[in-house]
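Worksheet: the structure to be examined is printed underneath.
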Amino acid sequence: MSADLPEALYTAAQVRELDRRAIEDHGIPGYTLMCRAGAAALDRLRRQWPGARTLAVCCGPGNNGGDGYVLARLALEAGLSVRVVAATDPARLRGEAERAWRDWQACGQPLSAPDEALAAADVIVDGLLGTGLTRAVEGDMARLIRSINRAAGPILALDIPSGLNADTGAVMGCVVEADVTLSFIGLKLGLMTGAGPACRGELFMDGLGVPAPVFDDLPPAARRVRPDLSRAFPPRSRDAHKGHFGHVLVIGGGQGMPGAVRLAGEAAARVGAGLVTLATHPDHAALIPLARPELMCHGIQRPGDLEVLLARADVVAVGPGLGTGDWGRRLWARLGDWDGPMVVDADGLNLLAAAPRCREDWILTPHPGEAARLLGCDTATIQADRPGAAAAIVRRHGGVCVLKGVGSLIRDASGLHLCDTGNPGMASGGMGDVLTGIIAGLLAQHLPAGGSLAESAALGCWVHGAAADRAARVGERGLLASDLLCHLREVINS
Ligand SMILES: NC(=O)C1=CN([C@@H]2O[C@H](COP(=O)(O)OP(=O)(O)OC[C@H]3O[C@@H](n4cnc5c(N)ncnc54)[C@H](O)[C@@H]3O)[C@@H](O)[C@H]2O)[C@H](O)CC1
Ligand SMILES: [K+]
(Lines give C-alpha, C1' and ligand atoms only; values in the text may rest on other atoms or scores of the structure.)
(Ligands and ions follow the chains in the order given, each with its own letter.)
Protein backbone atom coordinates (compact mmCIF):
# COMPACT_ATOMS: atom_id res chain seq x y z
CA MET A 1 0.00 0.00 0.00
CA SER A 2 1.38 3.43 -0.81
CA ALA A 3 2.24 5.19 2.43
CA ASP A 4 0.48 8.46 1.67
CA LEU A 5 -3.10 7.20 1.52
CA PRO A 6 -5.68 9.56 3.00
CA GLU A 7 -7.53 8.87 6.24
CA ALA A 8 -11.05 9.31 4.86
CA LEU A 9 -12.93 6.34 3.41
CA TYR A 10 -16.11 6.72 1.37
CA THR A 11 -19.00 4.65 0.06
CA ALA A 12 -19.85 4.44 -3.64
CA ALA A 13 -22.77 6.79 -3.14
CA GLN A 14 -20.54 9.32 -1.40
CA VAL A 15 -17.97 9.24 -4.21
CA ARG A 16 -20.76 9.71 -6.74
CA GLU A 17 -21.81 12.78 -4.72
CA LEU A 18 -18.22 14.04 -4.78
CA ASP A 19 -18.21 13.50 -8.57
CA ARG A 20 -21.47 15.41 -8.82
CA ARG A 21 -20.22 18.33 -6.75
CA ALA A 22 -17.00 18.57 -8.74
CA ILE A 23 -19.01 18.62 -11.97
CA GLU A 24 -22.03 20.70 -11.02
CA ASP A 25 -20.78 22.91 -8.20
CA HIS A 26 -17.21 23.47 -9.33
CA GLY A 27 -17.68 23.32 -13.07
CA ILE A 28 -15.27 20.50 -13.82
CA PRO A 29 -16.78 18.65 -16.80
CA GLY A 30 -17.34 14.95 -16.19
CA TYR A 31 -15.28 14.13 -19.25
CA THR A 32 -12.40 16.18 -17.87
CA LEU A 33 -12.51 14.06 -14.72
CA MET A 34 -12.60 10.93 -16.84
CA CYS A 35 -9.63 12.07 -18.90
CA ARG A 36 -7.73 12.89 -15.73
CA ALA A 37 -8.57 9.41 -14.43
CA GLY A 38 -7.32 7.77 -17.62
CA ALA A 39 -4.16 9.88 -17.63
CA ALA A 40 -3.45 9.20 -13.94
CA ALA A 41 -3.95 5.48 -14.52
CA LEU A 42 -1.55 5.45 -17.50
CA ASP A 43 1.01 7.37 -15.46
CA ARG A 44 0.70 4.86 -12.62
CA LEU A 45 0.95 1.96 -15.07
CA ARG A 46 4.17 3.30 -16.60
CA ARG A 47 5.70 3.93 -13.18
CA GLN A 48 4.77 0.46 -12.02
CA TRP A 49 5.82 -1.37 -15.21
CA PRO A 50 8.25 0.92 -17.10
CA GLY A 51 9.05 -1.78 -19.66
CA ALA A 52 5.46 -2.44 -20.64
CA ARG A 53 4.89 -2.08 -24.39
CA THR A 54 1.64 -3.95 -25.04
CA LEU A 55 -1.55 -3.35 -23.06
CA ALA A 56 -4.87 -5.14 -22.91
CA VAL A 57 -7.53 -2.69 -21.75
CA CYS A 58 -10.83 -4.33 -20.70
CA CYS A 59 -13.70 -1.83 -20.74
CA GLY A 60 -17.11 -2.28 -19.16
CA PRO A 61 -20.53 -0.73 -19.75
CA GLY A 62 -20.18 2.39 -17.62
CA ASN A 63 -17.83 5.19 -16.70
CA ASN A 64 -15.25 2.76 -15.34
CA GLY A 65 -15.11 1.53 -18.92
CA GLY A 66 -14.88 5.15 -20.00
CA ASP A 67 -11.75 5.53 -17.88
CA GLY A 68 -10.40 2.51 -19.74
CA TYR A 69 -11.10 3.91 -23.20
CA VAL A 70 -9.35 7.17 -22.22
CA LEU A 71 -6.32 5.24 -20.95
CA ALA A 72 -6.25 3.17 -24.17
CA ARG A 73 -6.27 6.29 -26.36
CA LEU A 74 -3.56 8.04 -24.32
CA ALA A 75 -1.41 4.88 -24.33
CA LEU A 76 -1.72 4.61 -28.11
CA GLU A 77 -0.78 8.28 -28.47
CA ALA A 78 2.24 7.56 -26.25
CA GLY A 79 3.38 4.85 -28.69
CA LEU A 80 2.29 1.76 -26.80
CA SER A 81 0.55 -1.14 -28.50
CA VAL A 82 -3.00 -1.32 -27.19
CA ARG A 83 -5.72 -3.92 -27.55
CA VAL A 84 -9.14 -2.98 -26.24
CA VAL A 85 -11.65 -5.61 -25.13
CA ALA A 86 -15.22 -4.30 -24.90
CA ALA A 87 -17.08 -6.35 -22.30
CA THR A 88 -20.41 -5.13 -23.65
CA ASP A 89 -21.52 -3.56 -26.91
CA PRO A 90 -20.02 0.00 -26.98
CA ALA A 91 -23.17 1.15 -28.79
CA ARG A 92 -24.87 0.94 -25.41
CA LEU A 93 -22.45 3.40 -23.79
CA ARG A 94 -23.84 6.76 -22.70
CA GLY A 95 -22.56 10.11 -21.51
CA GLU A 96 -18.85 10.51 -20.79
CA ALA A 97 -18.23 6.82 -21.44
CA GLU A 98 -19.71 7.08 -24.93
CA ARG A 99 -17.51 10.11 -25.63
CA ALA A 100 -14.44 8.23 -24.42
CA TRP A 101 -15.39 5.32 -26.69
CA ARG A 102 -15.79 7.67 -29.68
CA ASP A 103 -12.43 9.29 -29.01
CA TRP A 104 -10.87 5.82 -28.84
CA GLN A 105 -12.69 4.74 -32.01
CA ALA A 106 -11.27 7.78 -33.81
CA CYS A 107 -7.82 6.25 -33.35
CA GLY A 108 -8.90 3.65 -35.90
CA GLN A 109 -8.04 0.62 -33.82
CA PRO A 110 -10.39 -2.40 -33.95
CA LEU A 111 -11.63 -4.09 -30.84
CA SER A 112 -9.81 -7.28 -29.82
CA ALA A 113 -10.97 -10.67 -28.68
CA PRO A 114 -10.25 -11.31 -24.99
CA ASP A 115 -7.97 -14.34 -25.43
CA GLU A 116 -5.76 -12.67 -28.03
CA ALA A 117 -5.52 -9.39 -26.10
CA LEU A 118 -4.84 -11.01 -22.72
CA ALA A 119 -2.25 -13.44 -24.09
CA ALA A 120 -0.21 -10.65 -25.68
CA ALA A 121 -0.41 -8.16 -22.83
CA ASP A 122 2.52 -6.94 -20.78
CA VAL A 123 -0.08 -5.32 -18.51
CA ILE A 124 -3.84 -5.84 -18.27
CA VAL A 125 -6.09 -2.90 -17.35
CA ASP A 126 -9.36 -3.62 -15.52
CA GLY A 127 -11.87 -0.99 -16.55
CA LEU A 128 -14.87 -3.30 -16.34
CA LEU A 129 -16.79 -2.23 -13.26
CA GLY A 130 -16.25 0.45 -10.67
CA THR A 131 -18.55 2.00 -8.10
CA GLY A 132 -21.55 1.21 -10.27
CA LEU A 133 -21.45 -2.48 -9.41
CA THR A 134 -25.02 -3.29 -8.44
CA ARG A 135 -25.28 -7.05 -8.53
CA ALA A 136 -23.28 -10.27 -8.53
CA VAL A 137 -21.08 -10.61 -11.57
CA GLU A 138 -22.09 -13.49 -13.85
CA GLY A 139 -22.18 -14.60 -17.47
CA ASP A 140 -19.76 -13.06 -19.97
CA MET A 141 -18.48 -10.50 -17.44
CA ALA A 142 -17.61 -13.27 -14.98
CA ARG A 143 -15.94 -15.31 -17.73
CA LEU A 144 -13.88 -12.30 -18.73
CA ILE A 145 -12.83 -11.64 -15.12
CA ARG A 146 -11.75 -15.25 -14.73
CA SER A 147 -9.76 -15.03 -17.99
CA ILE A 148 -8.09 -11.86 -16.75
CA ASN A 149 -7.14 -13.57 -13.50
CA ARG A 150 -5.69 -16.56 -15.39
CA ALA A 151 -3.65 -14.42 -17.79
CA ALA A 152 0.09 -14.02 -17.24
CA GLY A 153 0.25 -10.24 -17.24
CA PRO A 154 0.01 -8.11 -14.08
CA ILE A 155 -3.28 -6.30 -13.60
CA LEU A 156 -3.97 -2.61 -12.95
CA ALA A 157 -7.52 -2.10 -11.62
CA LEU A 158 -9.15 1.27 -12.33
CA ASP A 159 -10.79 2.73 -9.24
CA ILE A 160 -11.60 -0.66 -7.67
CA PRO A 161 -11.08 -4.28 -8.73
CA SER A 162 -14.16 -5.28 -10.74
CA GLY A 163 -16.51 -7.43 -8.70
CA LEU A 164 -15.52 -5.93 -5.33
CA ASN A 165 -18.30 -4.17 -3.46
CA ALA A 166 -17.06 -0.63 -2.82
CA ASP A 167 -19.08 -0.30 0.41
CA THR A 168 -18.51 -3.63 2.13
CA GLY A 169 -15.39 -5.27 0.67
CA ALA A 170 -17.46 -8.30 -0.26
CA VAL A 171 -16.83 -10.21 -3.50
CA MET A 172 -19.93 -10.03 -5.72
CA GLY A 173 -19.69 -13.36 -7.52
CA CYS A 174 -16.11 -13.04 -8.71
CA VAL A 175 -13.45 -10.36 -8.54
CA VAL A 176 -10.38 -9.19 -10.43
CA GLU A 177 -7.22 -10.07 -8.50
CA ALA A 178 -5.30 -6.88 -9.14
CA ASP A 179 -1.59 -6.26 -8.63
CA VAL A 180 -2.17 -2.53 -8.40
CA THR A 181 -5.32 -0.48 -7.89
CA LEU A 182 -5.53 3.24 -8.57
CA SER A 183 -8.61 4.65 -6.90
CA PHE A 184 -10.02 8.03 -7.85
CA ILE A 185 -11.25 11.05 -5.91
CA GLY A 186 -11.89 9.19 -2.64
CA LEU A 187 -10.74 5.84 -1.18
CA LYS A 188 -13.58 3.34 -1.06
CA LEU A 189 -14.28 1.61 2.25
CA GLY A 190 -14.53 -1.74 0.45
CA LEU A 191 -10.88 -1.53 -0.62
CA MET A 192 -9.81 -1.63 3.03
CA THR A 193 -11.86 -4.41 4.63
CA GLY A 194 -13.17 -7.88 3.86
CA ALA A 195 -11.79 -9.14 0.53
CA GLY A 196 -10.54 -5.69 -0.50
CA PRO A 197 -6.97 -5.90 0.83
CA ALA A 198 -6.48 -9.33 -0.78
CA CYS A 199 -7.68 -8.41 -4.29
CA ARG A 200 -6.60 -4.77 -4.62
CA GLY A 201 -2.83 -5.36 -4.71
CA GLU A 202 -0.77 -2.23 -4.01
CA LEU A 203 -3.17 0.67 -3.52
CA PHE A 204 -2.77 4.23 -4.76
CA MET A 205 -5.19 7.14 -4.99
CA ASP A 206 -5.45 10.17 -7.27
CA GLY A 207 -7.75 13.03 -6.33
CA LEU A 208 -8.14 14.05 -10.04
CA GLY A 209 -7.63 17.67 -9.07
CA VAL A 210 -11.00 17.86 -7.33
CA PRO A 211 -10.87 20.98 -5.13
CA ALA A 212 -10.88 20.53 -1.35
CA PRO A 213 -14.22 22.34 -0.79
CA VAL A 214 -15.92 19.46 -2.63
CA PHE A 215 -15.25 17.35 0.47
CA ASP A 216 -16.70 19.90 2.91
CA ASP A 217 -19.60 18.77 5.10
CA LEU A 218 -19.54 15.27 3.66
CA PRO A 219 -18.38 13.19 6.61
CA PRO A 220 -16.59 10.08 5.34
CA ALA A 221 -18.16 6.67 5.95
CA ALA A 222 -15.08 5.69 7.96
CA ARG A 223 -11.67 6.94 8.95
CA ARG A 224 -8.45 4.94 8.83
CA VAL A 225 -6.80 4.73 12.25
CA ARG A 226 -3.62 6.82 11.96
CA PRO A 227 -2.61 7.68 15.54
CA ASP A 228 -0.13 10.37 16.41
CA LEU A 229 1.77 8.19 18.86
CA SER A 230 3.48 11.11 20.58
CA ARG A 231 0.02 12.43 21.47
CA ALA A 232 -1.58 9.04 22.08
CA PHE A 233 1.20 8.10 24.50
CA PRO A 234 2.37 11.32 26.16
CA PRO A 235 5.62 11.17 28.16
CA ARG A 236 5.16 10.06 31.76
CA SER A 237 5.74 12.56 34.53
CA ARG A 238 8.94 11.94 36.44
CA ASP A 239 7.04 11.31 39.66
CA ALA A 240 4.77 8.68 38.06
CA HIS A 241 3.83 5.65 40.11
CA LYS A 242 1.82 2.54 39.23
CA GLY A 243 -1.34 3.97 40.74
CA HIS A 244 -1.39 6.52 37.94
CA PHE A 245 -1.82 3.88 35.27
CA GLY A 246 -4.83 1.93 36.38
CA HIS A 247 -5.65 -1.57 37.46
CA VAL A 248 -6.88 -4.11 34.93
CA LEU A 249 -8.80 -7.17 36.06
CA VAL A 250 -8.88 -9.99 33.52
CA ILE A 251 -11.58 -12.60 34.16
CA GLY A 252 -11.32 -15.87 32.31
CA GLY A 253 -9.24 -18.98 31.96
CA GLY A 254 -11.61 -21.75 32.84
CA GLN A 255 -10.38 -25.24 33.69
CA GLY A 256 -7.48 -26.19 31.41
CA MET A 257 -7.34 -22.79 29.62
CA PRO A 258 -4.84 -20.62 31.54
CA GLY A 259 -3.10 -19.33 28.43
CA ALA A 260 -5.78 -16.90 27.28
CA VAL A 261 -5.88 -14.87 30.50
CA ARG A 262 -2.13 -14.89 30.73
CA LEU A 263 -1.83 -13.44 27.20
CA ALA A 264 -4.48 -10.82 27.91
CA GLY A 265 -2.95 -9.91 31.25
CA GLU A 266 0.57 -9.58 29.91
CA ALA A 267 -0.61 -7.52 26.95
CA ALA A 268 -2.34 -5.09 29.33
CA ALA A 269 0.87 -4.78 31.31
CA ARG A 270 2.97 -4.40 28.17
CA VAL A 271 0.97 -1.37 27.01
CA GLY A 272 1.58 0.25 30.37
CA ALA A 273 -1.24 -0.64 32.77
CA GLY A 274 -0.06 0.01 36.35
CA LEU A 275 -1.41 -3.21 37.86
CA VAL A 276 -2.91 -6.35 36.31
CA THR A 277 -4.84 -9.01 38.19
CA LEU A 278 -6.11 -12.28 36.72
CA ALA A 279 -9.24 -13.91 38.11
CA THR A 280 -9.07 -17.46 36.86
CA HIS A 281 -9.74 -21.09 37.69
CA PRO A 282 -8.12 -22.27 40.95
CA ASP A 283 -6.50 -25.20 39.12
CA HIS A 284 -3.90 -22.99 37.49
CA ALA A 285 -3.96 -19.72 39.43
CA ALA A 286 -0.65 -20.50 41.12
CA LEU A 287 1.05 -21.47 37.85
CA ILE A 288 0.62 -18.28 35.82
CA PRO A 289 2.75 -15.99 38.05
CA LEU A 290 5.59 -18.48 37.68
CA ALA A 291 5.65 -17.58 34.00
CA ARG A 292 4.99 -13.88 34.48
CA PRO A 293 5.51 -12.78 38.11
CA GLU A 294 4.27 -9.24 37.44
CA LEU A 295 0.71 -10.61 37.04
CA MET A 296 -1.29 -11.00 40.24
CA CYS A 297 -3.47 -14.09 40.03
CA HIS A 298 -6.46 -15.28 42.11
CA GLY A 299 -8.26 -18.61 41.95
CA ILE A 300 -12.00 -18.04 41.70
CA GLN A 301 -14.34 -20.74 42.97
CA ARG A 302 -17.55 -18.69 43.02
CA PRO A 303 -18.75 -15.20 42.01
CA GLY A 304 -18.35 -13.92 45.59
CA ASP A 305 -14.59 -14.39 45.23
CA LEU A 306 -14.64 -11.57 42.65
CA GLU A 307 -15.92 -8.89 45.02
CA VAL A 308 -12.59 -7.70 46.45
CA LEU A 309 -11.00 -7.82 42.99
CA LEU A 310 -13.78 -5.84 41.34
CA ALA A 311 -13.55 -3.23 44.08
CA ARG A 312 -9.93 -2.59 43.13
CA ALA A 313 -10.33 -2.73 39.35
CA ASP A 314 -10.54 0.27 37.03
CA VAL A 315 -11.20 -1.84 33.95
CA VAL A 316 -12.48 -5.40 33.51
CA ALA A 317 -11.59 -7.62 30.55
CA VAL A 318 -13.81 -10.68 30.51
CA GLY A 319 -13.98 -13.68 28.23
CA PRO A 320 -10.55 -15.07 27.29
CA GLY A 321 -10.84 -18.81 27.91
CA LEU A 322 -13.84 -18.20 30.17
CA GLY A 323 -15.81 -21.15 28.82
CA THR A 324 -19.61 -21.17 28.68
CA GLY A 325 -20.06 -23.81 31.37
CA ASP A 326 -21.43 -23.21 34.84
CA TRP A 327 -18.22 -21.61 36.18
CA GLY A 328 -17.98 -19.11 33.33
CA ARG A 329 -21.70 -18.38 33.26
CA ARG A 330 -21.79 -17.52 36.96
CA LEU A 331 -18.85 -15.16 36.74
CA TRP A 332 -20.35 -13.50 33.67
CA ALA A 333 -23.68 -13.04 35.49
CA ARG A 334 -21.90 -11.33 38.41
CA LEU A 335 -20.57 -8.65 36.08
CA GLY A 336 -24.09 -7.58 35.16
CA ASP A 337 -24.01 -4.71 37.60
CA TRP A 338 -20.29 -3.93 37.66
CA ASP A 339 -20.04 -0.26 36.98
CA GLY A 340 -16.98 0.53 34.90
CA PRO A 341 -15.44 0.17 31.43
CA MET A 342 -15.35 -3.41 30.23
CA VAL A 343 -13.81 -5.29 27.31
CA VAL A 344 -15.81 -8.38 26.34
CA ASP A 345 -14.27 -11.05 24.14
CA ALA A 346 -14.51 -14.75 23.24
CA ASP A 347 -16.82 -16.67 25.59
CA GLY A 348 -17.99 -13.43 27.17
CA LEU A 349 -19.47 -12.65 23.75
CA ASN A 350 -20.94 -16.13 23.45
CA LEU A 351 -22.62 -15.72 26.84
CA LEU A 352 -23.85 -12.27 25.80
CA ALA A 353 -25.31 -13.77 22.62
CA ALA A 354 -27.21 -16.29 24.77
CA ALA A 355 -28.65 -13.56 27.01
CA PRO A 356 -28.45 -10.20 25.19
CA ARG A 357 -27.76 -7.08 27.25
CA CYS A 358 -26.94 -3.50 26.39
CA ARG A 359 -24.39 -1.13 27.96
CA GLU A 360 -22.78 2.09 26.83
CA ASP A 361 -19.40 1.57 28.51
CA TRP A 362 -18.24 -1.68 27.07
CA ILE A 363 -16.16 -2.69 24.07
CA LEU A 364 -17.17 -5.91 22.34
CA THR A 365 -14.44 -7.52 20.25
CA PRO A 366 -16.03 -10.24 18.11
CA HIS A 367 -14.41 -12.06 15.24
CA PRO A 368 -16.90 -12.74 12.40
CA GLY A 369 -18.06 -16.03 13.96
CA GLU A 370 -18.79 -14.42 17.32
CA ALA A 371 -20.48 -11.52 15.52
CA ALA A 372 -22.70 -14.04 13.74
CA ARG A 373 -23.74 -15.51 17.09
CA LEU A 374 -24.45 -12.04 18.48
CA LEU A 375 -26.69 -11.23 15.50
CA GLY A 376 -28.19 -14.68 15.07
CA CYS A 377 -26.97 -15.12 11.51
CA ASP A 378 -24.16 -16.96 9.76
CA THR A 379 -20.57 -15.80 9.26
CA ALA A 380 -21.04 -15.36 5.51
CA THR A 381 -23.74 -12.79 6.23
CA ILE A 382 -21.36 -10.88 8.50
CA GLN A 383 -18.60 -10.87 5.88
CA ALA A 384 -21.04 -9.84 3.14
CA ASP A 385 -21.55 -6.53 4.93
CA ARG A 386 -18.98 -5.97 7.66
CA PRO A 387 -19.80 -2.28 8.20
CA GLY A 388 -23.47 -3.14 8.48
CA ALA A 389 -22.79 -5.97 10.92
CA ALA A 390 -20.69 -3.77 13.21
CA ALA A 391 -23.43 -1.13 13.23
CA ALA A 392 -26.10 -3.76 13.98
CA ILE A 393 -24.13 -5.05 16.97
CA VAL A 394 -23.84 -1.52 18.38
CA ARG A 395 -27.55 -0.94 17.86
CA ARG A 396 -28.35 -4.17 19.70
CA HIS A 397 -25.76 -4.12 22.48
CA GLY A 398 -24.59 -0.52 22.77
CA GLY A 399 -21.03 0.62 23.44
CA VAL A 400 -18.30 -0.08 20.88
CA CYS A 401 -17.97 -3.02 18.50
CA VAL A 402 -14.56 -4.07 17.20
CA LEU A 403 -15.36 -6.40 14.30
CA LYS A 404 -12.04 -8.16 13.85
CA GLY A 405 -10.70 -9.51 10.59
CA VAL A 406 -8.97 -8.05 7.55
CA GLY A 407 -9.49 -4.32 8.03
CA SER A 408 -10.88 -4.46 11.57
CA LEU A 409 -13.82 -2.10 12.01
CA ILE A 410 -14.32 -0.10 15.18
CA ARG A 411 -17.89 1.15 15.41
CA ASP A 412 -19.74 3.21 17.99
CA ALA A 413 -22.91 5.28 17.83
CA SER A 414 -21.02 8.26 16.43
CA GLY A 415 -18.96 6.70 13.68
CA LEU A 416 -16.67 4.10 12.17
CA HIS A 417 -12.90 3.66 12.28
CA LEU A 418 -10.94 1.14 10.22
CA CYS A 419 -7.64 -0.40 11.25
CA ASP A 420 -5.34 -1.48 8.42
CA THR A 421 -2.31 -2.63 10.37
CA GLY A 422 -1.71 -6.36 10.78
CA ASN A 423 -1.01 -9.33 8.54
CA PRO A 424 -2.10 -12.90 7.80
CA GLY A 425 0.34 -14.20 10.41
CA MET A 426 -2.25 -13.12 12.96
CA ALA A 427 -4.48 -16.01 11.98
CA SER A 428 -3.46 -18.04 15.01
CA GLY A 429 -4.90 -18.74 18.45
CA GLY A 430 -4.45 -16.17 21.17
CA MET A 431 -4.21 -13.06 18.98
CA GLY A 432 -7.64 -11.99 20.19
CA ASP A 433 -6.60 -12.43 23.82
CA VAL A 434 -3.67 -10.08 23.24
CA LEU A 435 -5.95 -7.48 21.64
CA THR A 436 -8.35 -7.71 24.60
CA GLY A 437 -5.50 -7.03 26.98
CA ILE A 438 -4.14 -4.16 24.91
CA ILE A 439 -7.50 -2.39 24.82
CA ALA A 440 -8.05 -2.96 28.56
CA GLY A 441 -4.56 -1.67 29.30
CA LEU A 442 -5.18 1.51 27.29
CA LEU A 443 -8.54 2.08 28.98
CA ALA A 444 -6.87 1.73 32.39
CA GLN A 445 -4.51 4.57 31.44
CA HIS A 446 -7.23 6.66 29.78
CA LEU A 447 -5.33 6.50 26.49
CA PRO A 448 -5.40 8.08 24.00
CA ALA A 449 -5.44 11.11 26.28
CA GLY A 450 -8.96 12.57 26.25
CA GLY A 451 -10.13 9.90 23.83
CA SER A 452 -13.48 8.13 23.68
CA LEU A 453 -14.03 4.43 24.32
CA ALA A 454 -14.01 3.92 20.52
CA GLU A 455 -10.74 5.82 20.20
CA SER A 456 -9.15 3.59 22.83
CA ALA A 457 -10.41 0.54 20.96
CA ALA A 458 -9.14 1.94 17.64
CA LEU A 459 -5.73 2.74 19.11
CA GLY A 460 -5.60 -0.75 20.60
CA CYS A 461 -6.33 -2.34 17.22
CA TRP A 462 -3.65 -0.22 15.59
CA VAL A 463 -1.04 -1.08 18.24
CA HIS A 464 -1.98 -4.78 18.01
CA GLY A 465 -1.53 -4.87 14.24
CA ALA A 466 1.62 -2.76 14.31
CA ALA A 467 3.20 -5.11 16.86
CA ALA A 468 2.24 -8.07 14.68
CA ASP A 469 3.76 -6.35 11.64
CA ARG A 470 7.03 -5.90 13.52
CA ALA A 471 6.95 -9.52 14.73
CA ALA A 472 6.21 -10.72 11.16
CA ARG A 473 9.39 -9.16 9.76
CA VAL A 474 11.02 -12.58 10.18
CA GLY A 475 8.01 -14.27 8.54
CA GLU A 476 4.26 -14.41 8.92
CA ARG A 477 3.96 -18.18 9.04
CA GLY A 478 4.48 -19.46 12.57
CA LEU A 479 3.75 -16.10 14.18
CA LEU A 480 2.43 -16.70 17.70
CA ALA A 481 0.32 -14.39 19.83
CA SER A 482 3.03 -14.22 22.48
CA ASP A 483 5.49 -13.03 19.81
CA LEU A 484 3.60 -9.72 19.81
CA LEU A 485 4.20 -8.99 23.48
CA CYS A 486 7.81 -7.86 23.25
CA HIS A 487 6.96 -5.58 20.30
CA LEU A 488 4.18 -3.76 22.13
CA ARG A 489 6.70 -1.64 24.00
CA GLU A 490 8.54 -0.77 20.76
CA VAL A 491 5.29 0.33 19.14
CA ILE A 492 3.94 2.48 21.95
CA ASN A 493 7.33 4.08 22.61
CA SER A 494 8.20 4.59 18.93
N1 LIG B 1 -17.24 11.86 -14.04
C2 LIG B 1 -17.41 10.67 -13.50
O3 LIG B 1 -18.50 10.19 -13.24
C4 LIG B 1 -16.22 9.90 -13.18
C5 LIG B 1 -16.37 8.53 -12.92
N6 LIG B 1 -15.27 7.76 -12.75
C7 LIG B 1 -15.38 6.34 -12.99
O8 LIG B 1 -16.75 5.98 -13.07
C9 LIG B 1 -16.98 4.80 -12.35
C10 LIG B 1 -18.42 4.72 -11.96
O11 LIG B 1 -19.10 4.73 -13.19
P12 LIG B 1 -20.59 4.15 -13.29
O13 LIG B 1 -20.98 4.28 -14.71
O14 LIG B 1 -21.42 4.74 -12.27
O15 LIG B 1 -20.44 2.61 -12.90
P16 LIG B 1 -19.55 1.46 -13.50
O17 LIG B 1 -18.67 1.96 -14.58
O18 LIG B 1 -18.95 0.82 -12.34
O19 LIG B 1 -20.58 0.42 -14.18
C20 LIG B 1 -21.93 0.65 -14.15
C21 LIG B 1 -22.55 -0.15 -15.25
O22 LIG B 1 -22.28 -1.52 -15.06
C23 LIG B 1 -23.51 -2.24 -14.97
N24 LIG B 1 -23.33 -3.26 -13.94
C25 LIG B 1 -23.44 -3.13 -12.61
N26 LIG B 1 -23.22 -4.32 -12.01
C27 LIG B 1 -22.95 -5.20 -13.01
C28 LIG B 1 -22.64 -6.58 -13.05
N29 LIG B 1 -22.55 -7.30 -11.92
N30 LIG B 1 -22.43 -7.19 -14.23
C31 LIG B 1 -22.52 -6.47 -15.38
N32 LIG B 1 -22.80 -5.13 -15.43
C33 LIG B 1 -23.01 -4.54 -14.24
C34 LIG B 1 -24.53 -1.20 -14.58
O35 LIG B 1 -25.78 -1.61 -15.05
C36 LIG B 1 -24.01 0.02 -15.29
O37 LIG B 1 -24.41 -0.02 -16.64
C38 LIG B 1 -16.04 4.88 -11.22
O39 LIG B 1 -15.78 3.66 -10.63
C40 LIG B 1 -14.81 5.48 -11.89
O41 LIG B 1 -14.05 4.46 -12.49
C42 LIG B 1 -13.96 8.40 -12.81
O43 LIG B 1 -13.06 7.73 -12.06
C44 LIG B 1 -14.01 9.80 -12.29
C45 LIG B 1 -14.94 10.58 -13.12
K1 LIG C 1 -12.42 -1.74 -12.22
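The values are calculated or read from the model by the stated rules, or taken from the named source; none is laboratory data. Remember, predicted model here, so these are calculated numbers, not experimental data. Note that each Cβ is placed from the backbone with ideal geometry, even for glycine, and that neighbours are counted across all protein chains shown. Protein only, heavy atoms only, side chains kept; ligands, DNA and RNA dropped before computing areas. Shrake-Rupley method; radii C 1.70, N 1.55, O 1.52, S 1.80 Å.
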Net length gained if the chain between Ser414 and Ala311 were fully extended (0.36 nm per residue, minus Cα distance): 34.0 nm
Inter-label distance for Asp326 and Arg16, nm, one decimal - labels placed 7 Å from Cα along Cα-to-Cβ: 5.8
The stretch 57-206 - percent of accessible surface contributed by carbon and sulfur, probe 1.4 Å: 46
Share of Cα-Cα pairs in the chain lying beyond 33 Å, as whole percent: 44
Surface share of carbon and sulfur [accessible, 1.4 angstrom probe, percent] for the stretch 306-426: 53
Percent accessible area from carbon and sulfur atoms, the stretch 210-286, protein chains only, probe 1.4 Å: 53
Length added when fully stretched, Trp338-Gln255, from 0.36 nm per residue minus Cα-Cα: 27.5 nm
Estimated distance in nm for a label pair at Ser452 and Ala120, the labels positioned 7 Å out from Cα along Cα-to-Cβ: 5.6
Segment Thr32-Arg226, extension gain: residue separation times 0.36 nm, minus the distance between their alpha carbons: 66.6 nm
Distance between modelled label sites at Arg357 and Arg236, nm, 7 Å Cα→Cβ extension: 3.3
Antiparallel DSSP beta bridges within the chain, percent to nearest 5: 20
Per residue accessible area in Å² of the stretch 8-222, where ligands, DNA and RNA are left out and the probe is 1.4 Å: 38
Rounded Å value of the spacing that divides the Cα centres of the stretch 187-218 and the stretch 52-87: 22
Heavy-atom surface of the stretch 379-494, accessible at 1.4 Å and reported per residue (Å²): 37
Residue-by-residue Karplus 3J(HN,Hα) for the stretch 430-435, coefficients 6.51, -1.76, 1.60, Hz, glycine and proline x: x, 4, x, 4, 5, 4
HN-Hα J in Hz across the stretch 42-59 - Karplus 6.51, -1.76, 1.60, θ = phi - 60°, x for Gly and Pro: 5, 4, 4, 4, 6, 6, 6, 10, x, x, 5, 10, 10, 10, 10, 10, 9, 10
Leu480/Gln301 FRET efficiency (R0 25 Å; Cβ-Cβ; nearest 0.05): 0.20
Helix-only mean residue ellipticity at 222 nm for the chain, each DSSP H run of n ≥ 4 adding -39500 (n - 2.57), per residue, nearest 500: -11500 deg cm²/dmol
Partnerless Cys - the chain, beta-carbon criterion under 4.7 Å: Cys35, Cys58, Cys59, Cys107, Cys174, Cys199, Cys297, Cys358, Cys377, Cys401, Cys486
Rounded to 5, the percent of DSSP beta bridges in the stretch 8-222 classed as antiparallel: 5
Positive dipole terminus of the stretch 229-492, leading residue within Phe233, Gly274, Ile438 (C-beta point charges): Phe233
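May I ask you to list the chymotrypsin sites (Phe, Trp or Tyr not before Pro) in the stretch 28-101 that are in a DSSP loop and have at most 15 other Cβ atoms within 10 Å of their Cβ?
Loop-located and lightly packed - none at all.
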